[in-house]
1. Is it true that residue 24 is loosely packed, with under 15 Cβ neighbours inside 10 Å, of a type in the set (Gly, Ala, Ser) and modelled with pLDDT under 95?
2. Being open to solvent by 60 Å² or more (accessible area, probe 1.4 Å) and modelled with pLDDT of 95 or more is the filter; apply it to region 209-220 and report the residue that is farthest from residue 156 (Cα to Cα).
3. Could you pull out the residue among 108, 124, 66, 89 that is open to solvent by 90 Å² or more (accessible area, probe 1.4 Å) and either among the aromatic types (Phe, Trp, Tyr) or in contact with a strand residue (DSSP E or B) (Cβ under 8 Å, 6 or more places away or on another chain) (or both)?
4. Return a yes/no flag: does region 179-192 have any residue that is farther than 17 Å from residue 161 by Cβ and crowded, with 19+ Cβ neighbours inside 10 Å.
5. Please indicate, with yes or no, whether at least one residue in region 44-52 is outside any helix (DSSP H, G or I), open to solvent by 20 Å² or more (accessible area, probe 1.4 Å), closer than 21 Å to residue 164 by Cβ and without any contact (Cβ under 8 Å) to a residue 24 or more places away in the chain.
6. Just name the residue that is nearest to residue 77 (Cα to Cα) out of those in region 136-169 that are open to solvent by 70 Å² or more (accessible area, probe 1.4 Å) and more than 16 Å from the chain's Cα centre (by Cα).
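The values are calculated or read from the model by the stated rules, or taken from the named source; none is laboratory data. Every value quoted in this text rests on a predicted model; they were computed, and no experiment measured them. Because the Cβ atoms are built from the backbone with ideal geometry, glycine has one as well, and the counts that use them run over all protein chains shown. These area figures cover heavy atoms from the full protein model, side chains too; ligands, DNA and RNA do not enter into them. Shrake-Rupley method; radii C 1.70, N 1.55, O 1.52, S 1.80 Å.
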Amino acid sequence: MKISKTEENYLKAIFSITEKDTPSASTNAISHKMQTSAASVTDMVKRLAKKKLVIHESHKGVHLTKSGNQIATMLVRRHRLWEVFLVEKLNFLWDEVHEIAEELEHIKSDELMERLDNFLGNPKFDPHGDPIPDAEGIFATRQQVVLSELEEGENGLVVGVQESSTPFLKYLNQLGLGLGSEVKVLEKYDYDNSAKILLNKKNEIVITGKVCQNLFLQKK
């Protein structure tokens, strides 16, 4: 079955929306994710449904079939492996790689991906801390919490971000926060859910509640 690049992007968008315990994706959610009109989404969903890649239930939304999920999972695998390659081997910053990987993910070569995976040492997580599915579509897991869940005096290592927009990642760069950063919560402020932290055992900074909600840590 031939799948166009646009169709693949829709499948990945639906996968992304439903990845975190959401049973289905609404037309509005897909429209927002794809930055297109609801009418365009409706037309594409009909096309994907004819190919048996999605199921659309009235008033319930859209979810992927087994075939649709397999295609989306492999797109995610290719995307995240390319991001690792771009950061680790070509020295791109983590806020620079998403759009490039969006193009590279459509290269359909299992042999290339196997060689790339082996070349990179079979990484389990991408530069943003998102899990990379293996060739069988199985995602790695780990224990992690958002920074806002840490109590005063607790510490941990930054292992991922919940938001991976370029402005957010650039902001973290300015703060000196990245994967592997060590964070200790010194004080929490109920007024706006911000927190004072000790970064890498030397710098005290105050971070907003939004940052606290979007940083994943492994407790130490």
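1. So residue 24 fails the test.
2. Only one residue tops the list, namely 210.
3. From the options 108, 124, 66, 89, the qualifying one is 124.
4. Yes, that holds for at least one residue.
5. No, that holds for no residue.
6. Per the stated criteria, the residue is 136.
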